[in-house]
Amino acid sequence: MMPKRETVQLAYLYFIPKPHKAGTPLRPILSSMNMPTTGISKFLDKLIRPIFDKHARSTTIIGGVDLIQRLEAYTTNGHHIPNTYLCAFDITDLYTMLPQEESLDILIEFLLQHSYQKVQNIPIDIIRKLALIVIKEDVFVYEKKFCRQVIDGAMGSAFTLTLPNIFMWKWQRQLVHRLEVSNEIYGRYVDDIFFTSNDSLESIDQMLAKANNFHSNIKLNTNGALMTSAYHKEAAEPYVVPFGLDHLGHVFRNTVDTAITRVVRYSTVLSQFEKEIRQMKLLFLYNGYPPRHIDWRLIISFRKYLSKNFILPLINTSDDFGYLRHQLLTASTATA
């Protein structure tokens, strides 16, 4: 954890545009690779993140497939009805709005609530002191001026990505309790929150209005059959690994296979799958992939999970697609 004099550097501030949001706001990032506190930050992250992941798993969404599986279980258990609302919102500027001292208090509260007086023989008061150094000593250069961050920590530092998650663990407790007692889904992916509700729209609005006042620094940005599909950002560029570059053949095969798996998993019905496959083919054609290569990878996938008799790169029945999707949803990412 000790900084090395020969490699340590003062951090500098830079900005990354968010073109998918109105007005293209900027995300502030601190270049923290060689900051004096980087070693402490990485140490704390390795120490605390596994604990958070363990105890907050039920309210954490780890990816699209995880959310789809929760929705399918919700439907299978009879909780999804024609009037069910699928709701999503995000937290405005989560990583740059958290009070430092309060965040550390919540960190200690989180550890104590889960019966940790020590973590790997390190007392929690020492953990708090180390965390205080990480978030209080974020000194950086911006426009030839020396600056120090006074709210939250450096976005770009390992531990200051874990600390907001723990802060949100406390913020969301009332919301989670209300939804869980009604057998609803609640899940958070970083600063994006998804939940289901069978209440009226008026009741949902009241719940969100109340949540918007849980903490003065945490504000919400609120933007039926169960349907899921692959999401395509308008700002995303249509590029993958170009075909024909100096890569081994398995790189191109894996690129197409991964895209096929994603399309199958994220499409609810055959018509959605067909639409997504057309879009996927256009993407690969744009990047120089031969049509025969794309079609052959589709056939290989169908033969693997459906029948070895497949000779065409298409699925004709909803039953076949449903079976294929079930196989890929239940398969691990490594084996799919």
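Any read-out appearing in this document is the output of simple, stated calculations on the displayed coordinates, not a laboratory observation. The structure displayed is predicted, hence computed values, not measured ones. Virtual Cβ from ideal backbone geometry, glycine too; neighbours counted across all protein chains shown.
Results, tabulated for the structure shown:
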{"quantity": "Span from the the range 139-206 Cα centroid across to the the range 274-336 one, whole angstrom", "calculated": "37"}
{"quantity": "Long pairs among Lys281/Lys308; Lys42/Lys170; Lys46/Lys144; Lys219/Lys275; Lys118/Lys145; Lys42/Lys304, criterion Cα-Cα beyond 32 Å", "calculated": "Lys46/Lys144; Lys219/Lys275; Lys118/Lys145; Lys42/Lys304"}
{"quantity": "J(HN,Hα) series, the range 262-275, from Karplus relation 6.51 cos²θ - 1.76 cosθ + 1.60, nearest Hz, glycine and proline x", "calculated": "4, 4, 5, 5, 8, 9, 7, 10, 4, 5, 5, 4, 4, 5"}
{"quantity": "Packing-based order for 240-252, 82-94, 35-47, using average beta carbon neighbours within 10 Å, highest first", "calculated": "35-47, 82-94, 240-252"}
{"quantity": "Set of aspartates and glutamates near Lys129 by C-alpha distance (under 20 Å), chain-local residues within fewer than 8 positions excluded", "calculated": "Asp45, Glu101, Glu102, Asp105, Glu109, Glu137, Asp138, Asp152"}
{"quantity": "Shape box of the range 11-221 [Cα atoms, principal axes, largest first, Å]", "calculated": "57, 47, 31"}
{"quantity": "Amide H contacts of Arg27 (H built 1.01 Å from N, under 5 Å, at least 5 apart or other chain)", "calculated": "Ile16, Lys18"}
{"quantity": "From phi via Karplus (6.51, -1.76, 1.60), per-residue ³J(HN,Hα) for the range 90-107 in Hz, x at Gly/Pro", "calculated": "10, 8, 6, 6, 4, 6, 10, 10, 8, x, 5, 5, 5, 4, 5, 4, 5, 4"}
{"quantity": "Antiparallel DSSP beta bridges within the chain, as percent of all bridges there, nearest 5", "calculated": "85"}
{"quantity": "Radius 14 Å from Cβ of Thr317, net charge of other residues (Lys, Arg +1; Asp, Glu -1)", "calculated": "-2"}
{"quantity": "Two-decimal Rg/Rh across the range 47-167, once Rg and the Kirkwood Rh are taken from alpha-carbon atoms", "calculated": "1.09"}
{"quantity": "From phi via Karplus (6.51, -1.76, 1.60), per-residue ³J(HN,Hα) for the range 53-61 in Hz, x at Gly/Pro", "calculated": "4, 5, 8, 10, 4, 5, 10, 10, 8"}
{"quantity": "Against the rule of thumb 2.2 N^0.38 Å, how large the Cα Rg of the range 236-336 comes out", "calculated": "1.05"}
{"quantity": "Sequence-separation-based contact order of the range 249-330, relative, with Cα cut under 8 Å and 6+ spacing, percent", "calculated": "34"}
{"quantity": "Protection proxy ranking, peptides 263-272, 49-58, 162-171, average beta carbon neighbours within 10 Å, highest first", "calculated": "162-171, 263-272, 49-58"}
